[in-house]
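One structure is given here, and the rest of the page talks about it.
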Amino acid sequence: MTAKQTYRIAAIPADGVGLEVVEAGRAVLDALAAASENRFAFEWQDFPWGSDFYAQHGKMMDEDGLEQLKEFDAIYFGAVGWPTVPDHVSLWGLRLRICQNFDQWANVRPVEFLPGIQSPLRKADDTDLNWVVVRENSEGEYAGLGGRNLSARGDGGEVAIQSALFTEVGCERIMRFAFDLARTRTVKKVSSVTKSNAQQYGMVLWDDVFKKVALDYPDVQTESVLVDAMAAKFVLHPEDLSVVVASNLNADILSDLGSALAGSLGLAASANLNPERRFPSMFEPVHGSAPDIAGKGICNPVGAIGSAALMLEHFGLLDEAKAVQRAIEDTTGNGIRTADVGGNATTAEVTAAIIESLAN
Ligand SMILES: NC(=O)c1ccc[n+]([C@@H]2O[C@H](COP(=O)([O-])OP(=O)(O)OC[C@H]3O[C@@H](n4cnc5c(N)ncnc54)[C@H](O)[C@@H]3O)[C@@H](O)[C@H]2O)c1
């Protein structure tokens, strides 16, 4: 019998633990589909792109890779980067190529504190902590503008320029996204991360747009915090946070801090969204390829499985997304955890426990 709704997903595990966590997330989604009594199904296509592909073909993905991906309902991504390929080549050749060309301008990174997982924050023991980092994902410090050795000065005299790009349109759309998200949350507040004291052009434009957009959301509290102070606030007053909107680089750094505070980088999920749905959106854990533990079967699959839950939400399968989140909480709460969060379970054991919890 054909399923009522089939979602076509492009799987790009890419490198290192990316392969292990994508396998885990797929197993969870396939288990959900199998239990859905043909309401929905997932049709997967694998893409072998990544650093091995680069070794064979001299490029990170097929030349017409974006054309191939265009028709999918979503992309499920692992992690890219391996010591054999310079990181800027692997990142720009695959992940950023997809994010930027598919205008996935909103990168949503929830910071979730899970039961059974010890946080380095003392406060996490008795405070309900939960916030979302909204990362501007199309411009800012990752615009790729600049050059090296502009004046050909030779050895020891090289010059490099790396410029950040801030556009009013780019700032406004991510801020509206953050405010709209805040309206769906219990605490309706947006904290904007800035550095306008030092960066008097781009970040002052960022601040101006934030003030302008805030006028349209009088029901949402706001604050504007310098990035250095925000790093301290993540540690000292995280209970004040609900939605944190930040530029590409600032949000990247802060969300790693957030996931470390929640217990491990391996826990953090993310969605790279093209909110207009002109292109497929991409779902991936926040972490990288973790070469130090890759291939051992011990990496934490929770970030990737949480990203699969964000993909379900994107498809409108809201109950299923909640069920996956609950199954993750049951599993960590029952002490089934990988080594990065103090347990001794394998990737496969955590995944199996999540699937079992879904069935109950
Ligand atoms: N989105 C991406 O594809 C992405 C993001 C970050 C880094 N990278 C790339 O990954 C490579 C390694 O980078 P890195 O070491 O700076 O960052 P990383 O996230 O790969 O690893 C940092 C630390 O976190 C641990 N860790 C990461 N994921 C884990 C998981 N699922 N379970 C348990 N522990 C986990 C690692 O073991 C390591 O100690 C580099 O090539 C980098 O460019 C890719």
Sequence-separation-based contact order of the chain, relative, with Cα cut under 8 Å and 6+ spacing, percent: 22 percent
For LYS188, net neighbour charge (Lys/Arg +1, Asp/Glu -1) across residues whose Cβ lies under 14 Å away: -2
GNM top mover of ALA229, ALA327, ALA269 - the chain, alpha-carbon springs below 10 Å: ALA229
Global geometry of the stretch 239-298, whether rounded, prolate or oblate, following the gyration tensor of its Cα atoms and the 1.5 cut on a/c: oblate
Set of aspartates and glutamates with alpha-carbon distance to LYS322 below 19 Å, sequence-local pairs under 8 removed: ASP30, GLU37, GLU112, ASP128, GLU284, GLU313, ASP330, GLU356
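Find out how many positive minus negative residues lie around ARG337, taking Lys and Arg as positive, Asp and Glu as negative, among other residues whose Cβ is under 14 Å from that of ARG337.
-4
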Accessible surface of the chain [probe 1.4 Å, protein heavy atoms]: carbon and sulfur percent: 51 percent
Residue of SER224, SER247, SER51 that the Gaussian network model of the chain assigns the largest fluctuation, springs spanning Cα pairs under 10 Å: SER224
Low-density loop cleavage sites - GluC sites (Glu not before Pro) in the stretch 1-110, where at most 14 other Cβ are within 10 Å (DSSP): GLU37, GLU63, GLU71
Highest-fluctuation residue, LEU94, LEU261, LEU165 considered, GNM on the chain with Cα pairs under 10 Å: LEU165
Cα-centred dipole magnitude for the stretch 129-242, charges only on beta-carbon of K, R (+1) and D, E (-1), debye, nearest 20: 180 debye
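Quick one: dipole size for the stretch 244-360, taken about the Cα centre, charges +1 on Lys/Arg Cβ and -1 on Asp/Glu Cβ, in debye to the nearest 20.
In total the dipole reaches around 100 debye.
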Average accessible surface area per residue within the chain, 1.4 Å rolling probe, Å²: 45 Å²
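List the residue ranges in the chain for DSSP H helices whose C-alpha atoms run 15 angstrom or more along the long axis and whose Kyte-Doolittle average is 1.0 or above.
17-34, 302-314, 347-359
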Calculated [θ] (222 nm, deg cm²/dmol) that DSSP helices of n ≥ 4 give over the chain, each run adding -39,500 (n - 2.57): -11500 deg cm²/dmol
Trypsin sites (Lys or Arg not before Pro) within the stretch 1-73: DSSP coil, no more than 13 neighbouring Cβ in 10 Å: LYS4, ARG39
All-pairs alpha carbon distance profile, the stretch 49-89, 5 Å steps from 0, percent: 5, 21, 27, 24, 15, 7, 1
The stretch 172-213: chymotrypsin sites (Phe, Trp or Tyr not before Pro) falling in loop per DSSP and having at most 13 other Cβ within 10 Å: TYR201
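The values are calculated or read from the model by the stated rules, or taken from the named source; none is laboratory data. As the structure is a prediction and not an experimental result, all values here were calculated from the model. Every residue, glycine as well, gets a Cβ built from its backbone with ideal geometry; the counts of neighbours run over all protein chains shown. Note: areas computed on protein heavy atoms with side chains; ligands, DNA, RNA excluded. Shrake-Rupley method; radii C 1.70, N 1.55, O 1.52, S 1.80 Å.
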